[in-house]
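Scroll down for the structure; my scribbles are underneath it.
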Amino acid sequence: MGLRDLEAVVLPGELDTLRREVRAFLAEETGSGRIAPHCDQWLAGWDPEFSRELGRRGWIGMSFPKEYGGAEAGALARFVVTEELLAAGAPVAAHWIADRQSGPALLKFGTEEQRRAYLPALARGECFFAIGMSEPDTGSDLASVRARGERVPGGWVLNGTKIWTSGAHGAHAMIALVRTAPREKDRHAGLTQFIVDLSSPGVQIRPIRLLTGEHHFNEVVLDDVFVRDDRVLGRPGDGWRQVTGELAMERSGPERILSTFPLLAAAVDHLARTGERVDPGRLGAVVARLWALRQMSLAVAARLEDGQAPAAGAAVVKDLGTRFEGALVDTVRMLTQVEPDAGSGGLAGMLAESVLHSPGFTLRGGTNEILRGVIAKGLGTR
């Protein structure tokens, strides 16, 4: 997939019914006080019961085959559901990573036993995964990972540290990228993915708190952690190829655009309620930019549904999308003249929430500098 392939995608008409169904459910949940809109809920909104309710409705694992508990509805149907959940600021963090990338990785690279062990529980919203890619002092350069796996009878012993591991303190398992062969000239060789049970002896999970004091990120230390042979994901040494395909799913979804959408919605409501006059061109520019980014994200979802791994296109979406999310915070402040206030509700409280979360937007899933390298390589292959 080249960058020119990020053309507009028109969603099938039958997905309108699904969208209305999800929207009605969310209106009921919000109206009853069961959930309240917040920004960045795919990271911060950890609510296992809400995840289980989505699972009961068939809205997790929508692209999984029915034999593994899924709906076989495809990537575009999942896009519609996740878009509505994010726009409503619903608490989806518990199942997000498992649904977005761990499940698809198990489908693509896992054994039959691994699929049956995890996928039905993922689809029910009962099994949560974390990502074990980043490490201290390595930034977004995944090829420089230092966590190592050593072969022992019946399996492997893992040692090393993973960092920025979202939700590991509440997750059941982590797919970890580990070096299992000495680093050679090809630094991408010798890497392997493992399914690590986070309750295993030797696993230590240490919180990394945000400026707010919130606990979403973690440092995960692997100290002589034994992993059975049947928990190797894919083939030993194939980790780099596997993880690059996974990153297309991680980087391109609507969560890279809509983390602060509830703030925009609250700002529009505030302006309508107060009757304050604003420059319509400035507000229109924000909406137009959002719509363009949505079309790009949707185009990547369509390629994923076709079985492609659009790394460059996904990197474009994340680079532009996360910068937009951060810029939206300043735009709302200028349009409404409201200042962030973490101690209040409404727009001021949501502004404070967004300001304190925004430093992470352009970091998680790969820094913008790394993404531009991916984009440049993609352009070079055309």
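If you check residue 321 against the conditions, is it at pLDDT below 80, buried (at least 22 other Cβ atoms within 10 Å of the Cβ) and part of a helix (DSSP H, G or I)? Give the steps one after another, and end with the answer.
Working: at pLDDT below 80: no; buried (at least 22 other Cβ atoms within 10 Å of the Cβ): yes; part of a helix (DSSP H, G or I): yes.
When the stated conditions are applied, residue 321 does not pass them.
How do the strands (runs of 3 or more DSSP E) wholly within the stretch 142-200 filter down when requiring 3 or more residues that are buried (at least 20 other Cβ atoms within 10 Å of the Cβ) and aliphatic (A, V, I, L, M): which remain? Quick ask: steps written out before the conclusion?
Values: elements: 148-152, 155-162, 173-179, 191-197.
Once the strands (runs of 3 or more DSSP E) in the stretch 142-200 are filtered for at least 3 residues that are buried (at least 20 other Cβ atoms within 10 Å of the Cβ) and aliphatic (A, V, I, L, M), what remains is 173-179, 191-197.
Can you pull out the residues in the stretch 71-96 that are outside any helix (DSSP H, G or I) and more than 20 Å from residue 308 (Cβ to Cβ)?
Kept after step one, since they are outside any helix (DSSP H, G or I), are these residues of the stretch 71-96: 71-74, 88-92.
If the condition is that a residue be outside any helix (DSSP H, G or I) and more than 20 Å from residue 308 (Cβ to Cβ), then 71, 88, 89, 90, 91, 92 are the ones that fit.
Restricting to the stretch 97-130, name every residue that is in a loop (DSSP other than H, G, I, E, B) and touching a Leu at 6+ places or on another chain (Cβ under 7 Å).
First, pick out the residues of the stretch 97-130 that are in a loop (DSSP other than H, G, I, E, B): 110-111, 124-128.
Those that are in a loop (DSSP other than H, G, I, E, B) and touching a Leu at 6+ places or on another chain (Cβ under 7 Å): 110, 125.
Out of the residues in the stretch 236-278 meeting the condition of being outside any helix (DSSP H, G or I) and without any contact (Cβ under 8 Å) to a residue 12 or more places away in the chain, tell me which one is nearest to residue 92 (Cα to Cα).
The first filter runs over the stretch 236-278 and keeps only residues outside any helix (DSSP H, G or I), leaving 236-238, 253-254, 259-260, 275-278.
Now narrow it down to the ones that are without any contact (Cβ under 8 Å) to a residue 12 or more places away in the chain: 275, 277.
Values: 275: 33, 277: 35 Å.
Applying the filter and picking the extreme gives 275.
Please determine whether any residue of the stretch 134-148 is over 30 Å from residue 57 (Cβ atoms) and at pLDDT 95 or above.
Just the residues of the stretch 134-148 that are over 30 Å from residue 57 (Cβ atoms), to begin with: 134-148.
With the extra rule that they be at pLDDT 95 or above, the set shrinks to 147-148.
Yes, the conditions are met somewhere in the stretch 134-148.
Could you say which residue among 202, 213 is outside the structural domain of residue 26 (by TED's automatic domain parsing), free of Cβ contacts under 8 Å to residues at least 60 places away in the same chain and in contact with a Leu (Cβ under 8 Å, 6 or more places away or on another chain)? Give the steps one after another, and end with the answer.
Details: 213 fails: in contact with a Leu (Cβ under 8 Å, 6 or more places away or on another chain).
Residue meeting the stated conditions: 202.
Within the bounds of the stretch 34-42, is there any residue that is within 21 Å of the chain's Cα centre (by Cα), in contact (Cβ under 8 Å) with a residue 12 or more places away in the chain and over 24 Å from residue 317 (Cβ atoms)? Can you show your working first?
Initial filter on the stretch 34-42 (within 21 Å of the chain's Cα centre (by Cα)): 35-42.
Narrowing further to those that are in contact (Cβ under 8 Å) with a residue 12 or more places away in the chain: 35-42.
Narrowing the set further to residues that are over 24 Å from residue 317 (Cβ atoms) leaves 35-36.
Looking through the stretch 34-42, at least one residue is within 21 Å of the chain's Cα centre (by Cα), in contact (Cβ under 8 Å) with a residue 12 or more places away in the chain and over 24 Å from residue 317 (Cβ atoms).
Name the residues in the stretch 338-347 that are modelled with pLDDT under 90 and either on the phi > 0 side of the Ramachandran plot or in a helix (DSSP H, G or I) (or both), would you?
346
Which residues, taken from the stretch 92-125, are within 18 Å of the chain's Cα centre (by Cα) and among the polar types (S, T, N, Q)?
101, 102
Assess whether residue 89 counts as being more than 14 Å from the chain's Cα centre (by Cα), surrounded by 24 or more Cβ atoms within 10 Å (Cβ to Cβ), over 30 Å from residue 181 (Cβ atoms) and not basic (Lys, Arg).
Numbers: more than 14 Å from the chain's Cα centre (by Cα): yes; surrounded by 24 or more Cβ atoms within 10 Å (Cβ to Cβ): yes; over 30 Å from residue 181 (Cβ atoms): yes; not basic (Lys, Arg): yes.
Yes, satisfied.
Looking at residue 69 and the list (1) at negative phi; (2) modelled with pLDDT of 95 or more; (3) in contact with a Leu (Cβ under 8 Å, 6 or more places away or on another chain), which single condition is not satisfied?
(1)
For the stretch 201-234, which residues satisfy the criterion of being over 30 Å from residue 342 (Cβ atoms) and either part of a strand (DSSP E or B) or at pLDDT below 95 (or both)?
First, the residues of the stretch 201-234 that are over 30 Å from residue 342 (Cβ atoms): 201-204, 221-234.
Within the stretch 201-234, 203, 204, 221, 222, 223, 224, 225, 226, 227, 228, 232, 233 meet the criteria.
Any residue in the stretch 16-26 that is in a loop (DSSP other than H, G, I, E, B) and surrounded by 20 or more Cβ atoms within 10 Å (Cβ to Cβ)?
Narrowing the stretch 16-26 to residues in a loop (DSSP other than H, G, I, E, B): none.
So far as the stretch 16-26 goes, no, none of its residues is in a loop (DSSP other than H, G, I, E, B) and surrounded by 20 or more Cβ atoms within 10 Å (Cβ to Cβ).
Of the numbered conditions (1) in contact with a Ser or Thr (Cβ under 8 Å, 6 or more places away or on another chain); (2) over 19 Å from residue 42 (Cβ atoms); (3) not β-branched (Val, Ile, Thr), residue 130 satisfies every one except a single condition; which is it?
(2)
List, please: which pairs have Cβ atoms under 6 Å, are six or more places apart or on different chains, and start with a residue in the stretch 91-110 that is under 21 Å from residue 236 (Cβ atoms) and end with one that is buried (at least 22 other Cβ atoms within 10 Å of the Cβ) and charged (D, E, K, R)?
Within 6 Å, the pairs are 101/246; 105/246.
Is there a residue being in contact with a strand residue (DSSP E or B) (Cβ under 8 Å, 6 or more places away or on another chain), of a type in the set (S, T, N, Q) and either surrounded by 22 or more Cβ atoms within 10 Å (Cβ to Cβ) or assigned by TED's automatic domain parsing to the domain that holds residue 353 (or both) anywhere in the stretch 102-113?
Yes: one or more hits.
Enumerate the pairs (first residue in the stretch 302-328 and among the basic types (Lys, Arg); second residue anywhere and modelled with pLDDT of 80 or more) with beta-carbon separation below 8 Å, excluding pairs fewer than 6 apart on the same chain, so at least 6 apart or on different chains.
318/256
Just to be sure I understand, how many residues within the stretch 43-63 are of a type in the set (Lys, Arg) and within 17 Å of the chain's Cα centre (by Cα)? Step through it out loud before you land on a result.
So the first thing to find is which residues in the stretch 43-63 are of a type in the set (Lys, Arg), and the list is 52, 56-57.
Adding the requirement that they be within 17 Å of the chain's Cα centre (by Cα) leaves none.
Number of matching residues: 0.
Among residues belonging to the stretch 201-220 that are under 22 Å from the mean Cα position of the chain (by Cα) and of a type in the set (Val, Ile, Thr), point out the one that is surrounded by the most Cβ atoms within 10 Å (Cβ to Cβ). Show your work before the answer.
Initially, the stretch 201-220 is screened for residues under 22 Å from the mean Cα position of the chain (by Cα), giving 205-220.
Now narrow it down to the ones that are of a type in the set (Val, Ile, Thr): 205, 208, 212, 220.
Working: 205: 17, 208: 13, 212: 14, 220: 26.
If we take residues in the stretch 201-220 being under 22 Å from the mean Cα position of the chain (by Cα) and of a type in the set (Val, Ile, Thr), then 220 is surrounded by the most Cβ atoms within 10 Å (Cβ to Cβ).
The values are calculated or read from the model by the stated rules, or taken from the named source; none is laboratory data. All values reported here derive from a predicted model rather than from experimental measurement. Please note: Cβ atoms are built from the backbone with ideal geometry, for glycine as well, and neighbour counts cover all protein chains shown.
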